[in-house]
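Trainee: One structure follows; several queries about it will come next.
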Amino acid sequence: MTIDLYVMNLSPPCRAVLMAVKQLNLTVNIKQIDLRKGEHLTPEYLKINPVHTVPTLVDDGFALWESRAILQYLSSKYGANTSLYPTDLQKRAVVDRTLNFDMSLNSSVSTAVTMKLFRGTEPTEAQVKSFQSNLKTLDQLIGHNKYAAGSALTIADLSLVATLSVLFATENKELKEVPNVVKYYEGLKKELPYYNEVNGGLAEAFKQF
């Protein structure tokens with residue numbers, strides 16, 4: 001079995017997949033892709049992923065991109081006896097729903113927070129409001145629960161934690177308005193033994209970028 005994983009560590013979706021790999025105790029070949037150098041646009045990479053995004057997984061010749069699809073695939077194939085992606089259809093639907101919500105959250109974090117850091121682009125008022133709304137909605141959805149999509153750790157938690165890590169690394173002021181999110185994030189940060197290995201040094205990395 002040969003698994004290659006193409007990533008850029010600053011990317012939350014990439015780090016979500018990296019955490020899943022750790023949680024599943026998989027051995028993979030990590031291949032760093034430098035987007036600034038255009039490594040995602042080379043003919044070799046485009047043969048694997050024609051939409052030139054990261055992360056991209058190649059499992060024994062089977063190529064798959066989009067982080068949430070990768071999370072679902074890996075947990076279905078290699079984590080059938082874990083809580084990561086329940087086999088019960090209703091429980092799985094809750095995980096899928098949370099993953100889809102995280103997609104919206106990650107997009108709003110990108111437009112309202114990350115683009116300013118990377119490109120110096122100021123977000124519009126609408127983008128800021130969308131980000132604030134998504135974050136407050138997450139705060140309500142989580143409530144006092146330990147996990148976001150059920151009574152045990154799932155791939156939805158890994159995806160959410162990766163997204164939220166950007167806000168904590170940049171000390172985003174909106175975190176003061178979402179105490180449930182803060183408690184949830186800090187709890188998972190302590191629980192996941194690989195958290196710092198995958199997500200450590202983000203604040204410094206953002207500054208250098």
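Trainee: For Lys22, list the lysines whose Cα falls under 16 Å from its own Cα; do not include residues on the same chain fewer than 8 positions away.
Mentor: Within the straight-line limit of under 16 Å, Lys22 reaches these lysines: Lys31, Lys77, Lys189, Lys190.
Trainee: So, one more: Between beta-carbons, use under 15 Å as the cut-off and find the net charge around Lys176, counting Lys and Arg +1, Asp and Glu -1.
Mentor: After counting each charged neighbour, the total is -2.
Trainee: Right, something else. Using packing as a proxy for protection, rank 168-179, 91-102 so that the peptide with the highest average count of other Cβ atoms within 10 Å comes first.
Mentor: 91-102, 168-179
Trainee: Follow-up. Relative contact order for the chain: what is it in percent, counting Cα pairs under 8 Å that are at least 6 residues apart?
Mentor: 23
Trainee: Sticking with this structure for a sec: Work out Dmax and Rg for the range 3-78 from the C-alpha atoms and quote the Rg first, both in angstrom.
Mentor: 11.5, 34
Trainee: Taking volume of the Cα convex hull per residue in Å³ straight from the coordinates, which label in (i) 123; (ii) 155; (iii) 135 is the correct one?
Mentor: Of the listed options (i) 123; (ii) 155; (iii) 135, (i) comes from this structure.
Trainee: What does the charge dipole of the range 63-209 about its Cα centre add up to, to the nearest 20 debye, if the Cβ of each Lys and Arg holds +1 and the Cβ of each Asp and Glu holds -1?
Mentor: Roughly 100 debye for the range 63-209.
Trainee: Here's a follow-up. Could you give me the ³J(HN,Hα) list for the range 46-53, computed from phi with Karplus coefficients 6.51, -1.76, 1.60 and θ = phi - 60°, whole Hz, x at Gly and Pro?
Mentor: So the J values, rounded to whole Hz, are 5, 5, 7, 9, x, 8, 6, 10.
Trainee: Now, a different point. HN-Hα J couplings of the range 123-134 from phi, Karplus 6.51/-1.76/1.60, θ = phi - 60°, integer Hz, Gly and Pro as x?
Mentor: x, 6, 4, 5, 5, 5, 5, 5, 4, 4, 5, 4
Trainee: Sticking with this one: With θ taken as phi - 60° and the coefficients 6.51, -1.76 and 1.60, list the Karplus ³J(HN,Hα) couplings across the range 93-107 in order, rounded to whole Hz; mark glycine and proline as x.
Mentor: Each residue's phi maps through the Karplus curve to give 4, 5, 4, 4, 4, 5, 4, 5, 5, 4, 4, 5, 4, 4, 5 Hz.
Trainee: Right, something else. Apply 1/(1 + (r/R0)^6) to the Cβ-Cβ distance of Thr27 and Thr137, taking R0 = 41 Å, and write down the FRET efficiency to the nearest 0.05.
Mentor: The pair Thr27/Thr137 has a calculated efficiency of 0.65.
Trainee: Ok, one more. If the reach is capped at under 13 angstrom between alpha carbons, list the aspartates and glutamates near Lys136, excluding any in the same chain fewer than eight residues apart.
Mentor: Answer for Lys136, where 13 Å is the Cα cut-off: Asp102, Glu174, Glu177, listed by chain and number.
Trainee: Still on this model: What are the aspartates and glutamates whose alpha-carbon lies under 12 Å from the alpha-carbon of Lys146, with same-chain residues fewer than 8 places away excluded?
Mentor: Filter leaves Asp157, Glu186, Glu191.
Values quoted throughout were computed directly from the atomic coordinates according to the rules given, and no laboratory measurement underlies them. Just so it is clear, the structure is predicted and the values come from calculations on it, not from any experiment. Don't worry about glycine lacking a Cβ; one is built from the backbone with ideal geometry, like all the others, and counts go over all protein chains shown.
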